[in-house]
1. Around ASP150, with a cut-off of 12 angstrom between Cβ atoms, what is the net charge of the other residues, counting Lys and Arg +1 and Asp and Glu -1?
2. Just the accessible area per residue of the chain, please: how many Å² with a 1.4 Å probe?
3. With θ taken as phi - 60° and the coefficients 6.51, -1.76 and 1.60, list the Karplus ³J(HN,Hα) couplings across the range 102-110 in order, rounded to whole Hz; mark glycine and proline as x.
4. Show that you can apply the helix-only estimate: for the chain, add -39,500 (n - 2.57) for every DSSP H stretch of four or more residues, divide by all residues, and state [θ] at 222 nm to the nearest 500.
5. Distances longer than 17 Å among the Cα atoms of the range 19-139: what percent of all pairs is that?
6. Could you compute the longest span of the chain free of trypsin sites (Lys or Arg not before Pro) located in DSSP loops and having at most 15 other Cβ atoms within 10 Å, not counting the site residues?
7. What list of ³J(HN,Hα) values in whole Hz, one per residue of the range 160-172 in order, does the Karplus curve 6.51 cos²θ - 1.76 cosθ + 1.60 (θ = phi - 60°) give from phi, with Gly and Pro shown as x?
8. Rounded to the nearest 10 degrees, what's the angle between the helix 82-95 long axis and the longest principal axis of the chain, both from Cα atoms, 0 to 90?
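The values are calculated or read from the model by the stated rules, or taken from the named source; none is laboratory data. Here the structure is a predicted model, which means the values were calculated and not measured. Positions of Cβ are generated from backbone atoms using ideal geometry, with glycine treated the same way; all protein chains shown enter the neighbour counts. Accessible surface is based on the protein model in full, side chains and every heavy atom, while ligands, DNA and RNA are left aside. Shrake-Rupley method; radii C 1.70, N 1.55, O 1.52, S 1.80 Å.
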Amino acid sequence: MNDDAHTANARPAPRAALPLAAFTLSRNAHGRLVLTFADGTVHESITPVRAFPIAAPGEGLSLVGTDGHELVWVDRIAQLEADSLRLIEEELEAREFVPTIEKIVAVSSFSTPSTWDVVTDRGTAKLVLKAEEDIRRLGGRTRLLIAANDGLQFRVPDTTALDKHSRKLLERFL
């Protein structure tokens, strides 16, 4: 294949180097995000994706088109204008539903799979832990991310902040 054919079929480079003022965000009639560049180019159904949703949620945001390619990179979410920030936070909140476990009420057994009754910041819930490996430590010994068998993620920001009964149940799986 010659260089001309390769160049003709290449994807356009992402617009990651654009200043934040070079685009605006809005919602269309169907409630989907619309990205409009200063030159008038419009991309519908944009998906915001955090680079580090747990470790650094305010840093590194990609605005991705329907084809899965990055259209814009934002170093810090706080840099966005208020309206764009609000739209992105609404979209991320719906996508990144990760309840925080505040209390472990009971577990069905100390072997896996086991069903846990928990109290979260979003209310009571039941989760099924398939395997002990579905409990991951994040950046230290006290932060956890627990994957339930249905794919929902639960976070424990600090195991030492849990009540004594919850810590005792959790320690059996760690």
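1. Values: positive: LYS126, LYS130; negative: ASP134.
Residues near ASP150 contribute +1 overall.
2. Numbers: 10500 Å² over 174 residues.
Computed with neighbouring chains in place, this is 60 Å² per residue.
3. For the range 102-110, the Karplus-derived couplings read 9, 7, 9, 7, 7, 10, 6, 7, 9 Hz, x marking Gly and Pro.
4. Working: 3 runs with 29 residues, N = 174.
Computed mean residue ellipticity for the chain: -5000 deg cm²/dmol.
5. On the way: 4725 of 7260 pairs.
For the range 19-139, the fraction of Cα-Cα distances above 17 Å is 65 percent.
6. Working: sites that count: ARG32, ARG122, LYS130, ARG141, ARG172.
Longest stretch, sites excluded: 33-121.
7. 6, 7, 6, 5, 4, 4, 5, 4, 5, 5, 5, 4, 5
8. So the inclination is approximately 50 degrees.
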